[in-house]
Amino acid sequence: MKKTLSLLGMAALLVVSPVSASEMVGINICYQKASDDIEKINACLEKELKYIQAEHKDAVERVTVIAKSWDKPNRNRVRWDKQMKANQAFEAYVKRECDFIKNTTKGNRIMEENAQLACRINLYRMRTDMLENRFLSSSRE
């Protein structure tokens, strides 16, 4: 009975997402309206970063629940600890890599910020996709 409730709880977590498709539509409209205006593009990038960070946070939380469930039978926190360390390492990598991108981009301050934001968006999107494909896809049961 407990195992069934646990599986139902994990299934519910897989379905619930804090972000909506309409948010992405709004971001796409933002980019269309921005055209070639780098300051308007900057605002769109900021919105997209918030969107992808929310998606990433949701995926990390769902993977953490799975890691805890794998550790529970052994009464340890090995997988959970490794997941937490991986998350911390990823966050440090994003900061360093995208700071490097910003510092090597030629142009004004807004162009540098846009390059840094685009870098962060791409890295968060890549990791979110990896987490979803590796741990959260319905084919992995």
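The values are calculated or read from the model by the stated rules, or taken from the named source; none is laboratory data. Here the structure is a predicted model, which is why all the values come from computation and not from measurement. Note that we place each Cβ from the backbone using ideal geometry, even for glycine, and neighbour counts take in every protein chain shown. Just so you know, the surface numbers come from the protein's heavy atoms only, side chains and all, with ligands and any DNA or RNA stripped out. Shrake-Rupley method; radii C 1.70, N 1.55, O 1.52, S 1.80 Å.
If you check A21, A34, A89, A43 for being touching a residue at least 12 places away in the same chain (Cβ under 8 Å) and of a type in the set (A, V, I, L, M, F, W, C), only one passes: A43. Restricted to segment 1-28, and to residues there that are under 21 Å from A118 (Cα atoms), among the small types (G, A, S) and open to solvent by 40 Å² or more (accessible area, probe 1.4 Å), the residue that is modelled with the highest pLDDT is S22.
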